[in-house]
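Undergrad: Right, I'll just put the structure down here and ask away after.
Since every read-out is calculated from the coordinates, none of them should be taken as a lab result. These figures come from a predicted structure and were not determined experimentally. All Cβ positions, even for glycine, are placed from backbone atoms using ideal geometry, and neighbour counts span all protein chains on display.
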Amino acid sequence: MDKIEGKIMSKEAFLNNSAYSKEPYEGILVSSDLEKQQYQIGVQLSEGQVLLVDQVTDHEVKERLLTWIPRVNEIQRQYGVKNDLENYLGK
């Protein structure tokens, strides 16, 4: 399976200038990008690091989340994330 490409960024940068942010499913983050009038979809790699995987309009968010949610664990494994609570404890 091909490695998912995306922009690795800090969680702070991912949420920067966002009027909206949510974690609709463990490991997935959604935030609004007010400048581009889009929503960003990211996979959380650690407490402070997010892989930006998609940018969509407000009409596409739900559909695209349905595409990304089943792939969260696969993407996290590709980037060496161990699926345990220590990833989210900031250690």
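Undergrad: Could you please report the charge total around residue 56, scoring K, R as +1 and D, E as -1 over all other residues with beta-carbon less than 13 angstrom from its beta-carbon?
TA: That works out to -2.
Undergrad: Something else now. Roughly how many nanometres apart are two label points built 7 Å out from the Cα toward the Cβ at residue 2 and residue 74?
TA: Distance between label points: 1.2 nm.
Undergrad: Rank by packing, highest mean first: peptides 19-29, 44-54, with packing defined as the count of other Cβ atoms within 10 Å averaged across residues.
TA: Top of the packing list down: 44-54, 19-29.
Undergrad: With n ≥ 4 as the cut-off for DSSP H runs, can you work out [θ] at 222 nm for the chain, using -39500 (n - 2.57) per run divided by the number of residues, rounded to the nearest 500?
TA: -5500 deg cm²/dmol
Undergrad: Right, another one. Please go through the residue pairs 62/82; 7/36; 36/62 and name each one whose alpha carbons sit more than 23 Å apart in this structure.
TA: 62/82
Undergrad: Explain nothing, just the number: relative contact order of the chain, from Cα pairs under 8 Å at least 6 residues apart, as a whole percent.
TA: Normalised by residue count, the contact order of the chain is 26 percent.
Undergrad: Report the extension gain between residue 55 and residue 19 in nm, rounded to one decimal, defined as 0.36 nm multiplied by the number of residues separating them, less their alpha carbon distance.
TA: Additional length available on full extension: 11.4 nm.
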